[in-house]
Structures are given as C-alpha cells and as structure tokens.
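A quick write-up on the structure given underneath.
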Amino acid sequence: MGIEIEDKFDVPDDYEIPDLGKLGEVLGPRSYQLVALYYDTPDLRLAARGITLRRRRGGADAGWHLKLPKAKGVRQEIQLPLTRSTKHVPQELTELVQAYTRGAGLAAVAELETRRSVRVLSGLVEVADDRVKGTVLGDTPQVERWREVEAELLEHGDPQLLAKVGKRLRKAGAVPAGSGSKLARLLKPSPPARARIGGGTAGEVVIDYLAGQVQALLSQDPRTRRAEEDAVHQMRVACRRLRSALKAFKSVVRDTERTQDELKWLGVLLGEARDLEVTRARFARHLKNLSPELVVGPIQVRLGDDLGAREDEAYVRIREALGGERYYALLDALDDLVAKPSLGKAAKKPADPTLADVADKNWRRVTKAYDTAQAIPDEERREIAMHDVRKAAKRARYTAEALGMDTLAERAESIQDVLGLHQDGVIAQETLAKEAEGARQAGEDTFTYGVLVGIERATADRAQADFPTVWAKVQAQ
C-alpha cells in the first residue's frame, strides 16, 4: 500500500520532454512496455467514482493495483502480486470495492497498452512519457490512441521539486490533463448523479454538504475494512454528520427518517470497534505513566490483549455488515438522497437567512437541554440528563460546521468536549469494574484496577467541575 501523488499532462504527438538537468541529476530514459486490463461493473461504478482496478504486466510494479482517490492528484494505491487468472479479481480487492459495486460482478472492461519512457530526477521525481493505445472491450471493441506525460512524487520525494518539474513541462507545451486517469479518458464515465437546485438556495447548500459527507463515508469504507488507523472513527463521524444534517435540515430535505435510522445502526456498529480502540489506548497510556511498583498482576494483558481481541471481533462484525444487503441499501438510499431528494418548501428559499435560523434553533436546543438538566434535583438523574446536553451540542456543532459558521461550531464543540471528557471517564470506570471482576474471579491481584479507577474518577470529576466555567464563557460569547 502506498500514496500516489502525481501531476498528469496532455501533450501532442511531437512534444519534446524539456531538459530537466538544471533541476537535478537525471537518470534515463528507460523504456517499458505495459499492458493492463481494467476491471469494473458493466455500468462502470468504479470509474464513475475515480477508482481504478487493474491487472498489469510489464514494468517495475507488475501486479494487481487498486487506486482509490484521496484528493486532487493524490490516490491511495494497494498492490497485490500478479496472478495467472485474468478472469477473477483477487478476493481482497473485490471486498475493498464492495461499497461501490454493491453486489454487482466485476469483469474486464478495458485494456491499455503503454509504451513508457521514464526519467528519474534525483531519485525524487519520476517523469513518465506515455504513448497509449486504449481499447474499450465489448462486442465491438473501440480503440483510441494518445500521448501523455506524468510527473510522480517518489517515496521521500520533494513536493517543491514536483512543482518545478510541472512548471518546466507546462512551459514546454504540456497542459494539465483533462482526465484524472487514462481509464477515465478512455471510458468517459458519467459522474454520480446530483440534484440540480437553484444557486444560492438552502437546498443547494444542504445537498452539497450531504454529497460531501456521503463521499467521506465511502472513502473510509475500504480503509475501515483494512482496520487502518483512524478509519473507523472517520467513517462513524461521517455517519453522525449525515444523520445530524438530516435531522437539522428536515425542512429542506424531507422523508429521511428511515435513512436516519439506518445511519444510526451503522454508527453504533462502527462505534463498538472505535470505543474499544480508544479505551485500549487510554488504559495503555495510564499504565505506561504509572510507577512500576503500582502495576501488579496481568493487568496489561487484560486491558491490552483482551480488549484487542474484542476489538478484532468487532471488526469481524463490521466487515460482515459492510458486505451485506442492509448496508448496500443504505448506500443506495444516500445516493438517491443526493440525486433525487424529496425537497421541502425551505429548499427554494435563500440559503443565508433560512439556514442561519436552523443553526440558531439547534443552539437553542442546547440551552433548553441544559436548563432541563439543571432543574432536576436528583444528582444522578441530572448527570444522565447532561448527556442530552452533549448530544444537542454535537448536533449544533455539526450543523454549524455544515454552514461554515465557525464561531458557533467552536462554542458547541467546547461544550461537547468537556462533557465528553466526563462521559469518557464514567465509561472507563465501568469498563475497569467489569475487568476487575474478571480478574478477581481468576484469583488475580486487582490493586492496579483500583488505581486506574481513581485516575478516571478524577478525570470525570475535574471535567464536571470545569463545566460551569466553560458554559459561562460560551454564553458570554
């Protein structure tokens, strides 16, 4: 797996690669003959999202390649060794694109034959001069030929040098490529459908935001399946933001209750692994900071390996769900939400005043939840009610972020953070109590569990004590 950062250029047949010697030592050119088969669904679901899945022969990196877009000019590339079969995509790669294929089969849709001439500049940037023959496969194959140049940042390369190379290529007559990949140039796939709503309207702003969060969720799907760092967290955040937006903007986009319920289901599923991940790291940090004489018994195993095993089990359940029809149906519903939403009357109103009213209403929900909680005389019930304040603050934050209202988002986030610290401390105490009981039944020393409970209780109490100050500061803004 690696990150591919490159600039692509369209050039005429008689284009001459400029002298790059003033930018560094040039090795090459070296020539390669590359032949790649590209796989997709019959309706090109991968290509429509800028994803390429290929089996390539020739060159220094022959094998199976899956390229997933991360940003403009940046793609995550996953490679597997070459297999003999040209009909069957390796199962690992098939699973990584399930969020896009959704049960549809993969087959070869195109072939690219490339005569590549490569120059390497100071071991930092590779410049590839490609003469391409592209064939769209089918009953009547269609052939297209062209030439293009790619400047790619190598491992440990210098982005500034890449920019200088690009400038030199453009000065010699190259122009930024009209397509993000050779495959896109050949197949010309239609992008995902998007509803057309009047410019400057509340509907336009909300649909644009929803589309961005759907893309964020999809982009984290392959990373979550591979249990990459922070992926499950980012995927859950996308779920929460979508659900929060659908609740907040119900006057703009209607009839989304079923989708909200399914987003909640997915968020809870992802949350199990995320919470275990955070808890395990939290306890490891505490144990590392304790004096050695305070750490007794096999507590590091219970709070490390045992929680890690539960986390692995949670990921198994996630992968099973992400390969199921319920998940596919949710993704289809999200696509429909962006392509053909059921719009309310507010959708056609001017964005600024309409959506500002929504944001203000969500902030008033925070204040109301706080007043309700503070009116409860029983301390335990009041603490439970403060959890509603945190949820209201989170919704207010996401709504404000969607509208670019940074000040309001920061106010809501400060409330969310301090209440979150308290909640995390309470949950950690509950986890420790359960683990300590298991240790006690196994005849293990439970002293260190008590030490950790004390640390977590202090954390929760400190956050609770800090809250009135944070609340007063937010109210004064």
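As an exercise, use a Förster radius of 35 Å and the Cβ-Cβ distance of residue 35 and residue 70 to find the FRET efficiency, rounded to the nearest 0.05.
My answer for the efficiency is 0.85.
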Run the reach check for residue 434 against aspartates and glutamates, Cα to Cα strictly under 15 Å, same-chain hits fewer than 8 apart removed. What comes back?
306, 444, 445, 456
In the chain, carbon and sulfur make up what percent of the accessible area (probe 1.4 Å)?
49 percent
Residue-wise, which Karplus ³J(HN,Hα) couplings in Hz belong to the stretch 103-114, taking 6.51 cos²θ - 1.76 cosθ + 1.60, θ = phi - 60°, and x for glycine or proline?
x, 6, x, 9, 8, 5, 10, 7, 10, 10, 10, 10
In terms of solvent-accessible area of protein heavy atoms at a 1.4 angstrom probe, what is the ranking of 235, 405, 386, highest value first?
405, 386, 235
Report the one residue of 299, 334, 318 whose Cα lies farthest in the direction of the positive end of the charge dipole of the chain (charges on C-beta: Lys and Arg +1, Asp and Glu -1; origin at the Cα centre).
334
How many nm is it between the label spots at residue 131 and residue 332, if each spot is 7 Å from the Cα in line with the beta carbon?
4.8 nm
Can you list the GluC sites (Glu not before Pro) in the stretch 210-261 that are in a DSSP coil and have 11 or fewer other beta carbons within 10 angstrom?
229
Modelled FRET efficiency - R0 22 Å, residue 16 with residue 146, Cβ distances, 0.05 increments:
0.85
Go through the stretch 150-239 and name the trypsin sites (Lys or Arg not before Pro) that are in a DSSP coil and have 10 or fewer other Cβ atoms within 10 Å of their Cβ.
196
Just one of (i) 82, 62, 48; (ii) 74, 57, 52; (iii) 74, 58, 40 is Cα extents along the principal axes in Å as worked out from the coordinates here. Which one is it?
(i)
Reduced to Cα centres, the span from the stretch 257-320 to the stretch 371-445 in Å works out to 17 Å
Under unit Cβ charges (Lys, Arg +1; Asp, Glu -1), what dipole magnitude, rounded to 20 debye, does the stretch 247-322 have relative to its Cα centre?
340 debye
Points 7 angstrom from Cα along the Cβ direction at residue 6 and residue 321: gap in nanometres?
3.7 nm
Full extension between residue 247 and residue 342 adds, at 0.36 nm per residue less the Cα distance, a length in nm of 32.8 nm
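Just the number please: accessible area per residue for the stretch 328-412, 1.4 Å probe, all protein chains included, in Å². Write down the numbers at each step before the final one.
Details: 4600 Å² over 85 residues.
Per residue, the stretch 328-412 has an accessible area of 54 Å².
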Using the Cα centre as the reference, give the magnitude of the dipole from point charges on the C-beta atoms of the stretch 30-144 (Lys, Arg: +1; Asp, Glu: -1; all else neutral), rounded to the nearest 20 debye.
220 debye
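Counting heavy atoms of the protein chains only and a 1.4 Å probe, report the per residue accessible area for the stretch 5-109 as a whole number of Å².
51 Å²
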So which of 368/394; 264/394; 250/391; 264/368; 250/348; 247/361 end up more than 20 Å apart, counting from Cα to Cα?
264/368
If you average the alpha carbon positions of the stretch 121-138 and of the stretch 57-85, how far apart do those two centres end up, in angstrom?
13 Å
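Please state the charge dipole magnitude for the chain, taken about the Cα centre, from unit charges on C-beta atoms (+1 on K and R, -1 on D and E), reported in debye and rounded to the nearest 20.
Charge dipole of the chain: 1500 debye, to the nearest 20.
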Restricting to DSSP loop positions (anything but H, G, I, E, B) with no more than 14 other Cβ atoms inside 10 Å of their own Cβ, which GluC sites (Glu not before Pro) remain in the stretch 1-73?
16, 25
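The values are calculated or read from the model by the stated rules, or taken from the named source; none is laboratory data. Fair warning: this is a prediction, and the values are worked out from it, not measured in the lab. For neighbour counting, all protein chains shown are included, and Cβ atoms are generated from backbone atoms with ideal geometry for every residue, glycine included. Only protein heavy atoms, including side chains, enter the accessible area calculation; ligands, DNA and RNA are left aside. Shrake-Rupley method; radii C 1.70, N 1.55, O 1.52, S 1.80 Å.
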